[in-house]
1. In whole Hz and in residue order, list the ³J(HN,Hα) couplings for segment 46-54 that follow from phi through the Karplus curve 6.51 cos²θ - 1.76 cosθ + 1.60, θ = phi - 60°; x for Gly and Pro.
2. With a cap of 16 neighbouring Cβ atoms within 10 Å, and only residues DSSP puts in a loop, list the GluC sites (Glu not before Pro) found in segment 203-239.
3. So if I restrict to the alpha-carbon atoms in segment 216-305, what is the Rg, and what is Dmax, the biggest pairwise distance, in Å?
4. Please name which of Met134, Asn277, Ser167 has its Cα lying farthest along the dipole of segment 65-299 towards the positive end, using unit charges on Cβ (Lys, Arg +1; Asp, Glu -1) and the Cα centre as origin.
5. Counting only residues 5 or more places away or on other chains, whose amide H sits under 5 Å from the amide H of Ser376 once H atoms are built in the peptide plane?
6. In square nanometres and to one decimal, what's the mean projected area of the convex hull around the Cα atoms of the chain?
7. How tilted is helix 265-282 with respect to the longest principal axis of the chain? Cα atoms for both, answer in degrees (0 to 90, nearest 10).
8. First measure r as the distance between the Cβ atoms of Asn233 and Ser332, then evaluate 1/(1 + (r/R0)^6) with R0 = 45 Å and state the FRET efficiency to the nearest 0.05.
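What follows is calculated from the coordinates using simple rules that are stated; it is not laboratory data. Computed from a prediction, not measured in an experiment: that's the story for all the values here. Cβ: placed from backbone, ideal geometry, glycine included. Neighbour counts: every protein chain shown.
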Amino acid sequence: MFENLKPLDPDPILGLINEFKADESSLKVDLGVGVYRNEQGKTPILEAVREAEQRRIREENTKEYLGGAGEVAYNQAMIKLLFGTDSAEVDNDRVRAVQTPGGCGALRVLAEFLVRCNPDATIWVSNPTWANHMPLLGEAGLKIREYPYYNYETHSIDFDEMMETLSHVGKGDLVLLHGCCHNPCGADLDETQWHALAKLANLKGFTPFIDIAYQGFGDGVEEDAIGVRVMANHVEEMVVAQSCSKNFGLYRERVGTAFILSKNTKQADIAYSQLLNVIRGMYSMPPAHGAAIVRRILEDEALKTMWMGEVAEMRHRIKTLRVELVKGLAASGFNRDFSFIERERGMFSFLGLDPEQVAILKKEHSIYMLGSSRVSIAGLNAGNMQYVLDSITKVLKND
Ligand SMILES: Cc1ncc(COP(=O)(O)O)c(C=O)c1O
């Protein structure tokens, strides 16, 4: 039966990774992959993670099944991290959380859950959004439509157009929002805009679906949760997919969380039973190791402080690189304003180059980024910054 299958092209990002690996240039620079890199170009294991992992290995005394919801103490710690320690919604027992295999796992189980709530549901996603949202949400059965978000001319959010489009979305449909550090554009909603969206959700009845994969990479661990908290404060129902891949550097351990906010405790219990049933039919139970590390970090004051410091270090490095990139581009003397890169948040920004310029940077300079000119800022470092600046300058001068 396999002869019926047609071969597929590799995923564009994975394809780019392979091209980069095969490139023999000693000058090559990877700005494509959405993974944090330090000054040495490495993705380090955080010290807090190392310490928690050693403790876990000493303390672990069974490999028994974990259960569909994962580790209960992890779920409680994640609720606190995201909703805060003084959340009325948590106090009123309206929030449920389950440990998932990464943020992707959370997105997919929530999508399956939402199709059970409404088989005809449409989810509205920002234009642009992370490419993997489409298969993760669409293949569960949600219909996908786009709302305007990023304006490539002004390099800012088209908030009025976004609100206008969403004012036609009603009950039974969903709106996907990036909690912070928008992937791919780096342009984030401010607190006032979150309030306006929360009001609109209440007025029109649509359900917010927040994806937060970079908590701590924008303005701070607490600050980056503001969108989730404002929304939770206003609406009766919402769902949130969270990832520990980036902020705990636990990419390959697959740690994430799916949250459901319900109207009341009774509804929360019903929703939770459905979510567990979805999980049972998909992968039965999440893996234990990564979440056990995260739980240990969040429960231990000293480890948590160490982790917060390491997240701050990653955040500050990205911000500094943004400033240096803008300064360097300004110094190259052409009449183009790149200051938006400094205003944007998290790992990603569009440089504003066209696909042909992106192709020249790859072919002639061995600098790799997505075709949209999305760059992962953490791929820059003191060793390659000037080379990247000179290469971009050359490409733009030939424009
Ligand atoms: C916007 C967004 N959501 C979710 C994820 C999922 O991350 P993971 O499944 O690796 O935890 C990512 C990862 O790149 C992302 O960029």
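1. Listing the rounded values in order: 5, 4, 4, 5, 4, 5, 5, 5, 5 Hz.
2. Here the sparse-neighbourhood loop sites are Glu222, Glu236.
3. My reading of the Cα-based Rg and Dmax gives 15.0, 39 Å.
4. Of Met134, Asn277, Ser167, it is Asn277.
5. Answer set, sorted by chain and number: Gly32.
6. On the way: hull surface 85.7 nm².
Dividing the Cα hull surface by four gives the mean projection, 21.4 nm².
7. Rounded to the nearest ten degrees, it is 60.
8. Details: r = 45 Å, r/R0 = 1.01.
It comes to 0.50.
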